[in-house]
Structures are given as structure tokens and as C-alpha cells.
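Inspection log for the structure reproduced underneath, given as C-alpha cells.
The values are calculated or read from the model by the stated rules, or taken from the named source; none is laboratory data. Computed from a predicted model, the values in this text were never measured in an experiment. Here the Cβ positions follow ideal geometry from the backbone for every residue, glycine too, while neighbour counts run over all protein chains shown. Just so you know, the surface numbers come from the protein's heavy atoms only, side chains and all, with ligands and any DNA or RNA stripped out. Shrake-Rupley method; radii C 1.70, N 1.55, O 1.52, S 1.80 Å.
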Amino acid sequence: MNNRVEQDVTTHFVDIKGVSKKFVSKQGNVQPLQSVDMYINRGEIVGLSGNSGQGKSTLVNIMCGVVAPDSGNVYIDGQPLWNKTKYNRQVGRIVQPVFQQPFGTFDPLRTVQFAIDEAAQAGGVVNKAMRAALVADIASQLGITQLLLRKAGSLSGGQAQRCAIARALAVRPQLIIADESTAMLDVVCQAEVITLLRRLSHEQGISLLIISHNNELLRAVAQRSYVLSDGKLTLL
């Protein structure tokens, strides 16, 4: 893979170029991604839709360093995320997922404050006082200050999702992948979480990839949306 040549042709903050992935199952070869091309500009909200089993999670896993692509690559600000099967953690650090099940993000017996502080430390904030200030600032932005001393296991679904977003922000990401992050919430909580994500994108210039089965939601909040089907992308 000639990274220099490929980097020269990247023009967007996130460039997904020719990404393919194949798995082998008892039923034979399954190829959820076939030469997928997609881009996200800085501060842009992009949607991704598709039925279950169509490759959305595979794409997220490639972007988050869980599985390597068979071919193609993902570029963040011109830098490749993958060198063959090795994930570039320095580049990937600025990519943070927020998943459908927020409780999996937390130790239920630890406080929300502990979880966000832990994420800030992983993001490179070594000084304890600076981490405390960062946690307090993020909590204030997201309206969860009153939840900081609560055990994560005692939160409601909407509260837990807000805290999961706070934990992602503590790493100081430039791209947040919201993977069905409102699917398990009621309508009111869904609206609150989407409004929060849109505000963060607008105020902080964070790029968002929102993955959802709800095409109407994506049309309402995203500047551009894609559908993934049979391993290939089309515009929604």
C-alpha cells in the first residue's frame, strides 16, 4: 500500500477509500463491504442506514480499530488508520463511538465521574486537576453535573446515553460515531440525544457519523446520508 500516493488524493477530513471486508462462515464467504467509498467533512453530520447484517457494524469496527480491512483504507485528516493489519492508534484516538447500549460503556459499580475521568486520562490528560476541570466542564455542557456521583448502574437509559457521550468527549475526539445510539430510547430521549449531538457538532466542529435504521431521522439531521446494502453504498 503506497500511503504517500493515497494520502495525496484525500480531500476530506474523513476519507473511506475502497474498503472491502470478507468473512468466512459455515455458509461460505460473506462480504459485507465491497470497495466502499465515503467521506465526511470536518464538522459535518453524515448518516448511514441499512438493514441488519448489511455491513454497518463492520464499517464501524474498521473505523474503530476492531477489525482490519482486506483492502482499501480509512484516512483521518490524510493519515491512514491502517497499515495492512496494524491500526494507527495515534490517528484513531480522535475517533470515538457511542453505542446503542450505553451501559456497556460503564462499570455499573463505579460513579459516572470516575468513568469520565478515566476516559480523559486515556485521552492524554495526565494532570489530575486538569482532568477534574475537564470532567466538570463536559458535565456542565451536557447537563449531567447532578449525575456525576451516581453509580452508572442506577441511571435511566437517557441519562446513561448522555453520560456515554460525555465519556466519549473526554477523549477530545474530532469524530463521533453514534451507532444506533437512540434506538433503545423513548421518543423524548431520542430527540434530546440527537439535539445534543447536533449542538456539539455545531459548537465544537466535531464530525458526526450517525448510524440508524430511521431514514426520516437521518434526513432531518444529516447533511448527507448513505444506505449500505449488499456491501455497497448508495445515497439515501
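The residues of the range 117-172 include none that are free of Cβ contacts under 8 Å to residues at least 24 places away in the same chain and in contact with a Phe, Trp or Tyr (Cβ under 9 Å, 6 or more places away or on another chain).
Condition check ((1) within 17 Å of residue 13 (Cβ to Cβ); (2) within 17 Å of the chain's Cα centre (by Cα)) across all residues:
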site: 63; (1), (2): yes, yes
site: 78; (1), (2): yes, no
site: 81; (1), (2): yes, yes
site: 87; (1), (2): no, yes
site: 91; (1), (2): yes, yes
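Among the residues of the range 149-184, those identified as open to solvent by 10 Å² or more (accessible area, probe 1.4 Å), assigned to a helix (DSSP H, G or I) and within 21 Å of residue 133 (Cβ to Cβ) are 162, 167, 169. Residues in the range 103-116 that are in contact (Cβ under 8 Å) with a residue 40 or more places away in the chain and open to solvent by 40 Å² or more (accessible area, probe 1.4 Å) were compared, and the one that is nearest to residue 186 (Cα to Cα) is 103.
Looking across the range 204-231 at every residue that is charged (D, E, K, R) and exposed (fewer than 15 other Cβ atoms within 10 Å of the Cβ), the one that is farthest from the chain's Cα centre (by Cα) is identified as 230. None of 115, 119, 152, 139 is within 29 Å of residue 12 (Cβ to Cβ) and either modelled with pLDDT under 90 or not hydroxyl-bearing (Ser, Thr, Tyr) (or both) except 119. Please determine whether any residue of the range 67-82 is β-branched (Val, Ile, Thr), surrounded by fewer than 20 Cβ atoms within 10 Å (Cβ to Cβ), in contact with a strand residue (DSSP E or B) (Cβ under 8 Å, 6 or more places away or on another chain) and at pLDDT 90 or above. Yes, that holds for at least one residue. The test for being hydroxyl-bearing (Ser, Thr, Tyr), assigned to a helix (DSSP H, G or I), open to solvent by less than 40 Å² (accessible area, probe 1.4 Å) and modelled with pLDDT of 85 or more holds for residue 201.
Considering the conditions (1) over 26 Å from residue 228 (Cα atoms); (2) surrounded by 20 or more Cβ atoms within 10 Å (Cβ to Cβ), residue 122 is excluded by exactly one of them, (2). Checking the range 86-102 against the condition returns a match, with at least one residue being touching a residue at least 12 places away in the same chain (Cβ under 8 Å), assigned to a helix (DSSP H, G or I), of a type outside the set (Lys, Arg) and in contact with a Ser or Thr (Cβ under 9 Å, 6 or more places away or on another chain).
Counting only residues that are in contact with a helix residue (DSSP H, G or I) (Cβ under 8 Å, 6 or more places away or on another chain) and modelled with pLDDT of 90 or more, the range 45-61 holds 4 of them. The conditions of being surrounded by fewer than 18 Cβ atoms within 10 Å (Cβ to Cβ), over 18 Å from the mean Cα position of the chain (by Cα) and within 20 Å of residue 233 (Cβ to Cβ) are met by residue 51.
Only one of the listed residues (205, 124, 153) is closer than 25 Å to residue 109 by Cβ and among the small types (Gly, Ala, Ser). That residue is 153.
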